[in-house]
Amino acid sequence: MDHLYIFNKDKTIVSFYSSDKEWTIKLGPNDYYAAPVFMRGCFYFRGGINIDRFADALAESFKDFDMLLGTLSMSKEGDIFVNYENNKLNQVLEIEDRTTESSINNNQNVIDHLPNKIITAEQQSGAAIDLSGMKMSAFKIKVFNDGFFIGYNINHSMLDLTGVAYYFKYLSQIYTLGNREKINLKKPQYLGTFKTNNIQFKDKDEADQYANKMGFYFIPPNNNSNNMFSQNNILKIEFNTTKLDILKSTSDLSLSKNDVITAAICKVFTFTSNLKDDDIFTLKYMCNIRKLAGLGEEALGNLYIYKGIPLKVSDIRKKSLVELAGINRKSVSEITYEQFKNDLCWFKYIQDEKIDTFGYFIPSIKYTLLSNWNQYDYDQIKFDNATPHSLAPVCIADAGTNFISFNTNENNEKTIITTVSIPPNSIKEIVEFGVNTSLYRVIN
């Protein structure tokens, strides 16, 4: 295998050469909207890994996932581009040798396991307004005497969560088999822009009305309505997977674990006395549309749909978990590819009018976003025999987004976890609800 990379003197940073090709891509509407965000997470493994083989695998993977060696740029007009320069040396991987220590005592703070030497502080933060010069990806591997961690910082412009999961499956197969030509996965294909339906918005007010259906609510940046949210506490919740299975089996509908989790989160957010019975609480979620579009997981881009479920607070409080789970299942079942093409018209309006999207992400006690990182077959990420026992995203519950992920507890059982930002006046009720239903426990 050609070694298309070099280590620095003390073997703590690896730089990878790009190929002799060169390209620039102007991002389409949905990728443009996602570009300011960097996905940040860490996979935790037990077992060993060989650093030289890992670097080899990265170098091979970049031949097909070449955008991960790219950089971002912005035009004076505000358009966003991904650029791939030929024969460029790119610092991509940080290495930390902790082989004198156990991984068990070092798995608490995910931020410590992410790259922090080869990217800017703004990129480390997970979001940026000016993307010029920022890297499409950076990785960090920590090696312990009984395991290893792989942390990553990947821009959201050309890969979504499905793309990241696919990349790590791709990378691990190359590592295990020694060559990307031996793996049994399809080569990735970035799809770029899609044909949209013909929906026009006469002004921003009309566009905002459409955005409400997707669960987006625009709050002017100088509005003080999020002051109450800033006083919240962050709770980490671990779900009882056995109880999830029992609950979903009591319905005539084909419920998923995620339906029940969504129902529980609706309950959790509406215990607070800050919300009145007549208030509307909106649960917004993201749903992968590849299957609806006739695409495989090798299709890259932001291929998901946002959907909001607005419910009267009194209804959430009165309905059972199974009833709320059924509402979520109905919402998911109604998603169509045509709806995705309709929504692209809104993203296109945002891009064409160069509207500052910050106002759509100001948190509020009246809505939240669920992002399910737990939906992928992570057992297919296998470096030799090592599969991840946990995946930890960086918590941004204080920004109104709740990541659902997985962990392995002290009994070596896989659990589903999330974090939520909650008003202090509802913590007691949240803890008691978990105890009374046996559905979850608060672990911080």
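Considering only residues of the range 115-153 that are within 18 Å of Ala399 (Cβ to Cβ) and hydrophobic (A, V, I, L, M, F, W, C), which is surrounded by the fewest Cβ atoms within 10 Å (Cβ to Cβ)? Per the stated criteria, the residue is Ala121. Residue count for the range 164-200, restricted to those that are free of Cβ contacts under 8 Å to residues at least 12 places away in the same chain and of a type outside the set (A, V, I, L, M, F, W, C): 3.
If I ask for residues that are charged (D, E, K, R) and either part of a loop (DSSP other than H, G, I, E, B) or within 21 Å of Thr12 (Cβ to Cβ) (or both), which ones from the range 95-139 would you list? Give the derivation first.
So the first thing to find is which residues in the range 95-139 are charged (D, E, K, R), and the list is 96-98, 101, 112, 117, 122, 130, 135.
Listed by number, the residues that qualify are Glu96, Asp97, Arg98, Glu101, Asp112, Lys117, Asp130, Lys135.
Conditions tested, residue by residue: (1) in a helix (DSSP H, G or I); (2) over 23 Å from Glu338 (Cβ atoms); (3) not assigned by TED's automatic domain parsing to the domain that holds Gln375.
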residue: Ser157; (1), (2), (3): no, yes, yes
residue: Thr196; (1), (2), (3): no, no, yes
residue: Ile199; (1), (2), (3): no, no, yes
residue: Ala211; (1), (2), (3): yes, no, no
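With respect to the conditions (1) more than 26 Å from the chain's Cα centre (by Cα); (2) surrounded by fewer than 16 Cβ atoms within 10 Å (Cβ to Cβ), Phe201 lacks only one, and its number is (2).
Residues in the range 288-337 that are crowded, with 17+ Cβ neighbours inside 10 Å and of a type in the set (Ser, Thr, Tyr): Tyr304, Tyr306, Ser331.
Being surrounded by fewer than 16 Cβ atoms within 10 Å (Cβ to Cβ) and part of a helix (DSSP H, G or I) is the filter; apply it to the range 338-356 and report the residue that is nearest to the chain's Cα centre (by Cα).
Initial filter on the range 338-356 (surrounded by fewer than 16 Cβ atoms within 10 Å (Cβ to Cβ)): 338, 352-354, 356.
When the remaining residues are screened for being part of a helix (DSSP H, G or I), the result is 338, 352-353.
Values: Glu338: 24, Asp352: 26, Glu353: 26 Å.
The residue in question is Glu338.
Residues considered: Ser405, Ser364, Ser371, Ser390. Of these, the only one that is over 30 Å from Gly48 (Cβ atoms), in contact with a Phe, Trp or Tyr (Cβ under 7 Å, 6 or more places away or on another chain) and modelled with pLDDT of 95 or more is Ser371.
When we screen Ser273, Ser251 for residues that are of a type outside the set (Phe, Trp, Tyr), surrounded by 13 or more Cβ atoms within 10 Å (Cβ to Cβ) and assigned to a loop (DSSP other than H, G, I, E, B), the only hit is Ser251.
Would you mind finding the one in Ala293, Ala264 that is within 22 Å of Ser157 (Cα to Cα) and among the small types (Gly, Ala, Ser)? Reasoning before the result, please.
Details: Ala264 fails: within 22 Å of Ser157 (Cα to Cα).
Among Ala293, Ala264, only Ala293 is within 22 Å of Ser157 (Cα to Cα) and among the small types (Gly, Ala, Ser).
Taking the criterion of being within 15 Å of Asp203 (Cα to Cα) and among the β-branched types (Val, Ile, Thr), the residues of the range 326-370 that qualify are Ile350, Ile355. In the range 32-83, the qualifying residues are those that are over 25 Å from the mean Cα position of the chain (by Cα) and of a type in the set (Asp, Glu), and the one that is farthest from Ser103 (Cα to Cα) is Glu77.
For first residues located in the range 102-130 and in the same structural domain as Asn145 (by TED's automatic domain parsing), partners that are part of a loop (DSSP other than H, G, I, E, B) and small (Gly, Ala, Ser) and lie 6+ apart or on another chain with Cβ distances below 6 Å form the pairs Glu122/Ala128.
The values are calculated or read from the model by the stated rules, or taken from the named source; none is laboratory data. Everything numeric in this text was worked out from a predicted model, so none of it was measured. Virtual Cβ from ideal backbone geometry, glycine too; neighbours counted across all protein chains shown.
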